[in-house]
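**Q** The structure is given below, and queries will be raised subsequently.
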Amino acid sequence: MSQNLAMGKHSSALILALMALLLLLFISACTTVEPQETPSVDPQNSVERVPLRVLAERKGFGIGAAATLGPIRKDENYRRILSEEFNQLVTENEMKFQRLQPEQGRFDFSKADEIVEFARSRDMRVFGHTLVWQRGLADWLKAGDWTREELLELLHDHIDTVVSHYRGKVYAWDVVNEALAPDASLRDLIWLRGIGPEYIDLSFKWAREADPQAHLFYNEYDGSGWGKSAQLKVDALYNLLTGLLERGVPLDGVGLQMHIGLDKPPSYEGLKQTLERLSGLGIEIQITETDIRLGNSSDSLPKKLAQQAKVYGDLIRACLDVERCSGFWFWGVTDRYTWVNGITGTPEDPLIFDRFYQPKPAYDAIARELKKSA
Ligand code: XIL
């Protein structure tokens, strides 16, 4: 009997213990916080992506795009991307000589002004392109038979009128664009023939006089893209800029154009070396006019887009890794509008937004590098 009693006591203790355990389990189940699910979407591809200009501004970097008035006027998607993603706008064509001075002494600023107003209302800096260039010249100028004195006056008047008009509104100018020929000599053009090599020095001097605050750039291109294979051009550029600085010419920066293809892109190391060498001159550098053509190789489109992304990433990384490299611009906003399609006759899709305004893998590569360096 006492044994039965003892067993009864034991089993009721066991039942109590079990009930307590169950209660504990129940309470803990109610209070446990479910772990957050890791988002499976790449934030750069989601609607919530952080715009490039926000990433760039974290380190005071200029991220720019060349823009034209046509799509600014008529294409809402273009306007949105341009102003949301970039903090720097470059005038693709509207500030070229023939656009601003279509007839001798008659300046037409209306279209360029509209672009400048668009940029200013969206808090974007304007990079003026370009005061002196072999192309984009007005017919009346090309057709004339000018004396040296007349050409000096024409060039001075053009630079003074344009730079004064935009004083305080254009933060930097491509004062002289592409003065070097592929063989590294000075390019044969109207100003060189009529004035002599000093047209370069004078252009900078006149631009400085018209707007002492504007950053004055020399902008140059090279087909092979400033890597090792462009040594001849890099040397010529270096010597040209050294000469300008030694003569006290007011030069603030150099722009390296980057119209390239996937077949022969510059490497990260090659470009970085070039940027470091130019940094030694103590001036600012920007990577300008970047577009990377897909070309007509037989690789699949996804493969080409991945290669394009890698090259974009390498180029901006080289710039971000060199202190004096203060900006990086694309020669256009979307593949829907790019001068390259017209040039090669095939769709080259060289930019970071596709024709439907979607960010491409190249966009993600740029965003990643900006994030890493912020
Ligand atoms: C190009 C424009 O993109 C075209 O729309 C225009 O027809 C010709 O000029 N280097 C430069 C740019 O400095 O001004 C050029 O722009 C491209 C090459």
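The values are calculated or read from the model by the stated rules, or taken from the named source; none is laboratory data. Remember, it's a predicted structure, so these values are computed and weren't measured experimentally. Virtual Cβ from ideal backbone geometry, glycine too; neighbours counted across all protein chains shown. Just so you know, the surface numbers come from the protein's heavy atoms only, side chains and all, with ligands and any DNA or RNA stripped out. Shrake-Rupley method; radii C 1.70, N 1.55, O 1.52, S 1.80 Å.
**Q** Return the pairs, sorted by first residue and then second, in which the second residue is assigned to a loop (DSSP other than H, G, I, E, B) and more than 16 Å from the ligand (Cβ to nearest atom), the first residue lies in region 258-270 and is closer than 9 Å to residue 227 by Cα, the beta carbons are less than 7 Å apart, and the residues are 6+ apart or on different chains.
**A** These pairs meet every condition: 266/227; 267/227; 270/227.
**Q** Which of the residues belonging to region 178-230 are within 16 Å of residue 137 (Cβ to Cβ), more than 16 Å from the ligand (Cβ to nearest atom) and of a type in the set (Gly, Ala, Ser)?
**A** Passing the criteria: only 194.
**Q** If only one of 267, 326, 300 is more than 16 Å from the ligand (Cβ to nearest atom), in contact with a strand residue (DSSP E or B) (Cβ under 7 Å, 6 or more places away or on another chain) and not hydrophobic (A, V, I, L, M, F, W, C), which one is it? Write out each step before concluding.
**A** Values: 267 fails: in contact with a strand residue (DSSP E or B) (Cβ under 7 Å, 6 or more places away or on another chain); 300 fails: in contact with a strand residue (DSSP E or B) (Cβ under 7 Å, 6 or more places away or on another chain).
After ruling out the rest, the residue left standing is 326.
**Q** Name the residue that is farthest from the chain's Cα centre (by Cα), counting only residues in region 213-242 that are of a type in the set (S, T, N, Q) and open to solvent by 50 Å² or more (accessible area, probe 1.4 Å). Give the steps one after another, and end with the answer.
**A** First, the residues of region 213-242 that are of a type in the set (S, T, N, Q): 213, 219, 224, 229, 231, 239, 242.
Next, only the ones that are open to solvent by 50 Å² or more (accessible area, probe 1.4 Å) stay: 213, 229, 231, 239.
Numbers: 213: 22, 229: 23, 231: 23, 239: 26 Å.
For region 213-242, the residue satisfying everything is 239.
**Q** I'd like to check which strands (runs of 3 or more DSSP E) are fully inside region 60-147 and have at least 2 residues that are in contact (Cβ under 8 Å) with a residue 12 or more places away in the chain and away from the ligand (no atom under 16 Å from the Cβ).
**A** On the way: elements: 62-67, 88-91, 125-133.
Hits in region 60-147: 62-67.
**Q** Among the numbered criteria (1) within 24 Å of residue 92 (Cβ to Cβ); (2) modelled with pLDDT of 95 or more, which single criterion is violated by residue 265?
**A** Going through the list (1) within 24 Å of residue 92 (Cβ to Cβ); (2) modelled with pLDDT of 95 or more, residue 265 breaks only (2).
**Q** Another question, then. Just to verify a result, which residue in region 155-177, among those that are crowded, with 16+ Cβ neighbours inside 10 Å and either within 14 Å of the ligand (Cβ to nearest atom) or of a type in the set (D, E, K, R) (or both), is farthest from residue 142 (Cα to Cα)?
**A** Among residues in region 155-177 that are crowded, with 16+ Cβ neighbours inside 10 Å and either within 14 Å of the ligand (Cβ to nearest atom) or of a type in the set (D, E, K, R) (or both), the one farthest from residue 142 (Cα to Cα) is 169.
**Q** Related question: Determine whether residue 155 is part of a helix (DSSP H, G or I) and modelled with pLDDT of 95 or more.
**A** Details: part of a helix (DSSP H, G or I): yes; modelled with pLDDT of 95 or more: yes.
The answer is yes for residue 155.
**Q** Checking the condition over 27 Å from residue 49 (Cβ atoms) and more than 14 Å from the ligand (Cβ to nearest atom), which residue from 247, 317 passes?
**A** On the way: 317 fails: over 27 Å from residue 49 (Cβ atoms).
None of the others qualify; the one that does is 247.
**Q** How many residues are at pLDDT below 95 and within 18 Å of residue 268 (Cα to Cα) if we restrict to region 309-355?
**A** 0
**Q** Could you tell me whether residue 56 is within 16 Å of the ligand (Cβ to nearest atom) and either buried (at least 21 other Cβ atoms within 10 Å of the Cβ) or outside any helix (DSSP H, G or I) (or both)? Can you show your working first?
**A** Details: within 16 Å of the ligand (Cβ to nearest atom): no; either buried (at least 21 other Cβ atoms within 10 Å of the Cβ) or outside any helix (DSSP H, G or I) (or both): yes.
So residue 56 fails the test.
**Q** Determine, yes or no, whether residue 145 is modelled with pLDDT of 95 or more, on the phi < 0 side of the Ramachandran plot, acidic (Asp, Glu) and touching a strand residue (DSSP E or B) at 6+ places or on another chain (Cβ under 6 Å). Let's see the steps before the verdict.
**A** Working: modelled with pLDDT of 95 or more: yes; on the phi < 0 side of the Ramachandran plot: yes; acidic (Asp, Glu): yes; touching a strand residue (DSSP E or B) at 6+ places or on another chain (Cβ under 6 Å): no.
Here the answer is no, as residue 145 does not meet what is asked.
**Q** Further, regarding this structure: So, residue 270, is that one open to solvent by less than 30 Å² (accessible area, probe 1.4 Å), touching a helix residue (DSSP H, G or I) at 6+ places or on another chain (Cβ under 6 Å) and assigned to a helix (DSSP H, G or I) or not? Break it down stepwise before answering.
**A** On the way: open to solvent by less than 30 Å² (accessible area, probe 1.4 Å): yes; touching a helix residue (DSSP H, G or I) at 6+ places or on another chain (Cβ under 6 Å): yes; assigned to a helix (DSSP H, G or I): yes.
Yes.
**Q** Look at region 329-347 and say how many of its residues are within 12 Å of the ligand (Cβ to nearest atom) and in a strand (DSSP E or B).
**A** 2
**Q** Additional query: Taking residue 322, is it of a type in the set (A, V, I, L, M, F, W, C) and part of a loop (DSSP other than H, G, I, E, B)?
**A** Details: of a type in the set (A, V, I, L, M, F, W, C): yes; part of a loop (DSSP other than H, G, I, E, B): yes.
Criteria met by residue 322.
**Q** Test residue 245 against the criterion of being crowded, with 22+ Cβ neighbours inside 10 Å and at pLDDT 95 or above, and give yes or no. Lay out the reasoning, then the answer.
**A** Values: crowded, with 22+ Cβ neighbours inside 10 Å: no; at pLDDT 95 or above: yes.
So residue 245 fails the test.
**Q** Quick one: what pairs do we get from region 302-315, first residue under 12 Å from residue 225 (Cβ atoms), second among the aromatic types (Phe, Trp, Tyr) and open to solvent by 20 Å² or more (accessible area, probe 1.4 Å), C-beta under 6 Å, 6+ apart or different chains?
**A** Sorted first by the residue in region 302-315, then by its partner, the pairs are 314/268.
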